[in-house]
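Note sheet for the following structure.
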Amino acid sequence: MYRKSTNNGFSLKAYKGSLMTLLAMDLDEKPAEGTFAGFTLCYTKPGGKKTPINNMLNFTGKPWVTGSDVSPIQLFKWVHFPGSYSQTGMLSGEYIYDATPRYFDSGRNLLPLDDSKTASVKIDVNDFSEGKSSIGFTRGFIKSQAFSNRYGANTKLRPAGDWLFDTNQKAGNHSSYGDFTYEDMYGWLGFNARKLIYGLLEEALGNNDITVDVFAYDFNDPVIAKLCLELAAKGRIRMIMDDAALHSSKTKSGKLPEEDDFENRFKLVARDNAAIFRCHFARYAHCKEIILRKKGKPFKVLTGSSNFSYTGLYINANHVLLFENSKVAQYYADVFDACWMQGSASVFRKSSWSNSPMKFENNNVPGMEINVSPHTEEYAQKMIDAITQNVTAKGTNSVLFSVMQMGANTTGSLIPALRELHKNDKVFTYGITDKSDGAISLYKPGKKNGLLIDAKKANRELPPPFKKEFNLGLAHAIHHKFVVTNFNKLNAKVFCGSSNLALGGEVNNGDNLLCIKDTDVATVFAIEALRLVDHYNFRTVEDKAEKAGLKAGVKMPARLDTTGKWVEKFFDKNDIRCIERKLFA
């Protein structure tokens, strides 16, 4: 879904995401040399006043954040999070976005804003839902200026001691905002993925007719764990949890992994039909699912890439999908029942679940196909090859993706194809990973090649006015597993879920992989890919002035361009920035 407005050769297009909006601007003609300063972008939230979107960069390089009314955005696209600069969270509803092109005078001074040049659109900014399906994301921005400004780069994500702690206790203090709790911090980081997960479990807890089935891999979020223990005490939950070595072996310090400790606590309180089963198929029980049944009949299911853990929700970039549909829920419930007290890869591979997709059409959910693994190698290869063919097909105009593992040894045809895709300048490709083994493609002026960013290698020390950012350590920045093709066409598709999109996982893991055929859903995931690629690309690429300053031992402040030359690449037909301007706007 999008809204578009034009004004005398200038256009603004707003795409709806999941509590975020992609703004895409365009000019019919390239501005005269040295005259164009950028765009002033403003939003008016429900019941609020017109507010400029902030820009971390300004013309002076001084260490302060200013509005784009005085520091125009020097890009032709921008992903906006309402509430990004407030402590009060998101305010959803109908937003008005205004965009105004800005210009320099002959002395390179910013001319006053001319309202007659403004284009405006109204668009719903809310959690994404379509029919009986919803999509949520974790923020995935612990390594960001927004997190540093709110909570500080050195804030500990968990207190010492018991992992099952009270999240309402104080986590730190901010000079502007005052004390904040872990709950404050987790709510901001977990974004609307956390809200969907918690809402599902709280709904179950509040209704004695509802029972819950949970498929879990990493599992140590304290609030989710407490909700599950409450359900166990009421006798209304079953859980299949991974028991591979990383989740069931004592650490060097002698401590039990949280999953083992949780199992012990679960068994102490469990009543009636509450039970827990540990398995790992041939390698991992890798699904992340919550299924709700009312009086025994499945009616809701949540799945996706996010583990029910503090890294999954508060460090990793992840997605979840919620289907309030009895047929979809029944399918997942039947698969859960087939795995309950079994969890054997050799047995599951022989089942009907393993060797054919389940298709859903016109059930008040997007058209989609779902595959569950482990599969036979023959079936898994056929399935992965079909995705690869879709990605590399002649008619594909865009591929946007966020995939955790893209190492050189990843099995199957898809990941090698994605690693090479940026070399094809006939397709707009924008991708990010957490493991590339060197197969990255950064933005290069005058090149149409796609981008492939390795978030783990985004270690650029940001120049002033940027602050120090959180050190991820060994944690994944990117934990998504999704690929979007033809996001703005009627044949748009999204491949997503818990699967790592590799042959080895499809043969050995308990996983689920969805193919969703819906343009609005594809747009939501495309915006997610754009915000992550742009975020980490900025943390990877140094400009010439920065490099020269670093060699001289001087930190060169980051600042906006005052020459107007920044716009050249957006009108160079041999530059990917020109391709993206046309594609999105």
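Among all helices in the chain defined by DSSP H, which have a length of 20 Å or more along the axis from Cα atoms plus a Kyte-Doolittle mean of at least -0.5? Mind showing how you got there, number by number?
Working: long enough: 182-205 (25 Å, 0.00); 377-392 (22 Å, -0.56); 519-538 (28 Å, 0.57).
Membrane-span-like by this rule: 182-205, 519-538.
To the nearest 10 Å², what's Cys515's accessible area with a 1.4 Å probe?
Near enough 20 Å² of accessible area.
Under the rule a/c < 1.5 gives rounded, and otherwise a/b versus b/c splits prolate from oblate, where does the range 1-84 land using the Cα gyration tensor?
Numbers: a/c = 1.96, a/b = 1.06, b/c = 1.85.
Oblate, because a/c is 1.5 or more while a/b does not exceed b/c.
Would you kindly derive the ³J(HN,Hα) couplings of the range 5-18 from the backbone phi angles with the Karplus curve 6.51 cos²θ - 1.76 cosθ + 1.60 (θ = phi - 60°), listing them in order in whole Hz, with x for Gly and Pro?
Running phi through 6.51 cos²θ - 1.76 cosθ + 1.60 with θ = phi - 60° gives 9, 10, 8, 6, x, 10, 9, 10, 10, 10, 9, 7, x, 9 Hz.
Provide the per residue accessible area, probe 1.4 Å, for the chain, rounded to a whole number of square angstrom. Present the calculation step by step, with values, prior to reporting the outcome.
Working: 23360 Å² over 585 residues.
With all protein chains present, the chain gives 40 Å² per residue.
Taking every pair of distinct Cα atoms and averaging 1/r, then inverting, what Kirkwood hydrodynamic radius in Å comes out for the range 170-329?
For the range 170-329, inverting the mean 1/r across all distinct Cα pairs yields 16.5 Å.
Helix-derived [θ] at 222 nm for the chain: sum -39500 (n - 2.57) over DSSP H runs of at least 4, divide by residue count, nearest 500? Don't skip to the end; give the middle numbers.
Details: 14 runs with 149 residues, N = 585.
After summing the helix terms and dividing by the residues of the chain, the value is -7500 deg cm²/dmol.
What order do you get for 330-338, 123-131 when each peptide is scored by the mean count of other beta carbon atoms within 10 Å, highest first?
Details: 330-338: 19.2, 123-131: 17.4.
Ranked from most to least packed, the peptides come out as 330-338, 123-131.
Can you list the residues, at least 5 places off or on another chain, whose amide H is less than 5 Å from the amide H of Gly431, using H built in the peptide plane?
Phe401, Leu451, Leu452, Ile453
Could you give the radius of gyration (one decimal) and Dmax (whole number) of the Cα atoms in the range 277-319, in Å?
In order Rg, Dmax, the Cα atoms of the range 277-319 give 13.0, 36 Å.
Using Cα pairs closer than 8 Å and at least 6 residues apart in sequence, work out the relative contact order for the chain, in percent.
Details: 1370 pairs, mean separation 90.9, N = 585.
Taking the mean separation of contacting Cα pairs over the length of the chain, I get 16 percent.
Which cross-chain or sequence-distant (5 or more) residues have an amide H under 5 Å from the amide H of Tyr103, H modelled 1.01 Å from N in plane?
It is Ala37, Leu111, by chain and number.
Provide the net charge surrounding Thr138, with neighbours chosen by a C-beta distance below 11 Å and charges set as Lys +1, Arg +1, Asp -1, Glu -1.
Details: positive: Arg139, Arg194, Lys195; negative: Glu528.
Local charge sum for Thr138: +2.
Which entry is the computed Rg/Rh (Cα atoms, Kirkwood Rh) for this structure: [x] 0.97; [y] 1.06; [z] 0.99?
Matching the structure shown: [x].
Find out how many positive minus negative residues lie around Ile123, taking Lys and Arg as positive, Asp and Glu as negative, among other residues whose Cβ is under 11 Å from that of Ile123. Show your work: numbers first, answer last.
On the way: positive: Arg3, Lys4, Lys13, Lys16, Lys122; negative: Glu94, Asp124.
Summing Lys/Arg as +1 and Asp/Glu as -1 gives +3.
Nearest 0.05, what FRET efficiency do Val70 and Ala153 give at R0 = 30 Å with Cβ-Cβ as r? Before the final figure, lay out the partial values.
Details: r = 27 Å, r/R0 = 0.90.
The value I calculate is 0.65.
Collect residues whose amide H, placed 1.01 Å from N in the peptide plane, falls under 5 Å from the amide H of Met239; neighbours closer than 5 in sequence don't count.
Answer set, sorted by chain and number: Val214, Ala275, Ile276, Phe277.
Cα convex hull of the range 376-456: how many Å³ per residue? Don't skip to the answer; put the middle values down first.
Details: hull volume 6.6 nm³, N = 81.
Measuring per residue, one finds 82 Å³ for the Cα hull of the range 376-456.
What is the spread of the Cα atoms of the range 106-183 along each of their three principal axes, largest first, in whole Å?
61, 46, 20
Which length gain, in nm to one decimal place, applies between Lys250 and Glu361 when the Cα-Cα distance is subtracted from 0.36 nm times their residue separation? Can you show the working numbers first?
On the way: separation 111, 0.36 × 111 = 39.96 nm, distance 4.65 nm.
Taking 0.36 nm per residue and subtracting the Cα distance, the gain is 35.3 nm.
Quick one: with all protein chains in place, what share of the accessible area of the chain is carbon or sulfur, to the nearest percent (1.4 Å probe)?
On the way: 11550 of 23360 Å².
Answer for the chain: carbon and sulfur cover 49 percent of the accessible area.
Using a 1.4 angstrom probe and counting only protein chains, how large is the accessible area of Met56 in Å², to 10?
30
Considering only protein heavy atoms, what is the solvent-accessible area of Val65 at a probe of 1.4 Å, reported in Å² to the nearest 10?
Val65 has an accessible surface of roughly 70 Å² with all protein chains in place.
Multiplying the sequence separation of Asn424 and Arg271 by 0.36 nm and subtracting their Cα-Cα distance, what value in nm do you get?
Result: 49.3 nm gained on full extension.
When ranked by the protection proxy of mean other Cβ atoms within 10 Å per residue, highest first, what sequence do the peptides 426-434, 271-279 form? Intermediate values should be presented prior to the final figure.
Details: 426-434: 23.4, 271-279: 15.8.
Final packing ranking: 426-434, 271-279.
Using Cα-Cα distances under 8 Å and only pairs 6 or more residues apart, what relative contact order does the range 36-75 have, in percent?
Details: 64 pairs, mean separation 18.6, N = 40.
The value is 46 percent.
Just to compare against my own numbers: the Cα pair-distance distribution for the range 436-585, 5 Å bins, whole % per bin, please.
Once binned at 5 Å, the Cα pair distances of the range 436-585 give 2, 8, 12, 16, 18, 17, 12, 8, 5, 3, 1, 0.
Dividing the alpha-carbon radius of gyration of the range 283-344 by 2.2 N^0.38 Å (N being the number of residues), what value is obtained? Don't jump to the answer; show the numbers that get you there.
Values: Rg = 12.8 Å, N = 62, 2.2 N^0.38 = 10.6 Å.
Ratio of Cα Rg to 2.2 N^0.38 Å: 1.21.
Would you mind calculating the relative contact order of the range 187-239 from Cα pairs under 8 angstrom and at least 6 residues apart, reporting the percent as a whole number? Display every interim value, and only then the final one.
On the way: 30 pairs, mean separation 20.0, N = 53.
Reported relative contact order: 38 percent.
How large is the Kirkwood hydrodynamic radius of the range 33-125, in angstrom, based on all distinct alpha carbon pairs? Before the final figure, lay out the partial values.
Values: mean 1/r = 0.0709 Å⁻¹.
One decimal place: 14.1 Å for the Kirkwood radius.
Rounded to the nearest 0.05, what FRET efficiency is calculated for His174 and Phe538 with R0 set to 35 Å and r the Cβ-Cβ distance?
Numbers: r = 24 Å, r/R0 = 0.69.
The calculated FRET efficiency here is 0.90.
Could you work out how much longer the chain between Phe165 and Glu461 gets when fully extended? Use 0.36 nm per residue separation minus the Cα distance between them, nm to one decimal.
Working: separation 296, 0.36 × 296 = 106.56 nm, distance 3.40 nm.
Extending this stretch completely gives an extra 103.2 nm.
Applying 1/(1 + (r/R0)^6) with R0 = 45 Å to the Cβ-Cβ distance of Gln389 and Arg283, what FRET efficiency is obtained, to the nearest 0.05? If you can, show how the numbers build up before the last one.
Details: r = 26 Å, r/R0 = 0.59.
After rounding to 0.05, the efficiency reads 0.95.
The values are calculated or read from the model by the stated rules, or taken from the named source; none is laboratory data. These figures come from a predicted structure and were not determined experimentally. Backbone-built Cβ (ideal geometry, glycine too); neighbour counts: all protein chains shown. Just the protein is used for accessible areas: all its heavy atoms, side chains included, with ligands, DNA and RNA removed. Shrake-Rupley method; radii C 1.70, N 1.55, O 1.52, S 1.80 Å.
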